[in-house]
Amino acid sequence: MKLNILYLKYGLSIAAALIAYFLIIRVLGMHDNHWLRILNGVIVAYGIYAVIKKKKDQEKEAFEYFSGFWLGILTGAVATVTFVAFMAVYLFHIEPAFAERLLKHIAGSIGGPEILLLILTIEGISSSVILSLTFMQKFKVSRNITKKHAHA
């Protein structure tokens, strides 16, 4: 799979999982519980981990740090843009009262639903960068000299 197919496939899968999770907690009437958003981070983290691992498995020795890092960011960006688009439709057209409740909780009634979309976008992109950096520490090729080779 090429890079563009990987980040689109995994990014859209992450977004689908986020949307499904939101709709499930909405149907259960629990979407006002802000603590349940923690699972959003778990979903995004798993997706970014999986896409970087997939790329490393495909490229083996040719795997490079920046290609894995960039792939994680692009994947997170696709997921973020897709999820924010869904939330825009939801907040503006399906349940505007939910946006008002969130605004009171998060921003103290400053701005409109647009500020919520901005917050979601910043949160999603920054999480993608942090998670990609974190996971690349596991997947990067070590340049350290092992003790065995150092004594030779």
Checked pairs for region 50-73, first under 13 Å from Lys9 (Cα atoms), second among the charged types (D, E, K, R), C-beta under 7 Å and 6 or more apart or across chains, list as Leu71/Lys55
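A quick yes/no check of all residues on (1) in a helix (DSSP H, G or I); (2) surrounded by fewer than 15 Cβ atoms within 10 Å (Cβ to Cβ):
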{"residue": "Arg26", "(1), (2)": "yes, no"}
{"residue": "Gly29", "(1), (2)": "no, yes"}
{"residue": "Gly41", "(1), (2)": "yes, yes"}
{"residue": "Lys60", "(1), (2)": "yes, yes"}
{"residue": "Gly68", "(1), (2)": "yes, no"}
With the first residue restricted to region 129-152 and required to be of a type outside the set (Phe, Trp, Tyr) and assigned to a helix (DSSP H, G or I), and the second required to be loosely packed, with under 10 Cβ neighbours inside 10 Å and at pLDDT 65 or above, Cβ contacts under 9 Å at 6 or more apart or on different chains are Met136/Phe66
**Request:** Could you tell me whether any residue of region 25-35 is under 17 Å from Ala15 (Cβ atoms) and touching a His at 6+ places or on another chain (Cβ under 9 Å)?
**Result:** yes
Taking region 74-123 and keeping residues among the small types (Gly, Ala, Ser) and at pLDDT 95 or above leaves Gly76, Ala77, Ala79, Ala85
Matching residues in region 91-109 (part of a helix (DSSP H, G or I) and either touching a Lys or Arg at 6+ places or on another chain (Cβ under 7 Å) or free of Cβ contacts under 8 Å to residues at least 60 places away in the same chain (or both)) number 12
The one condition Pro96 fails out of (1) within 20 Å of Asn40 (Cβ to Cβ); (2) loosely packed, with under 15 Cβ neighbours inside 10 Å is (1)
**Item:** Residue check, Ile38 among the β-branched types (Val, Ile, Thr) and touching a helix residue (DSSP H, G or I) at 6+ places or on another chain (Cβ under 8 Å)
**Value:** no
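The values are calculated or read from the model by the stated rules, or taken from the named source; none is laboratory data. This structure is a prediction, so every number in the text was calculated from the model and none was measured. Quick reminder, even Gly has a Cβ in these numbers, built from the backbone with ideal geometry, and neighbours come from all protein chains shown.
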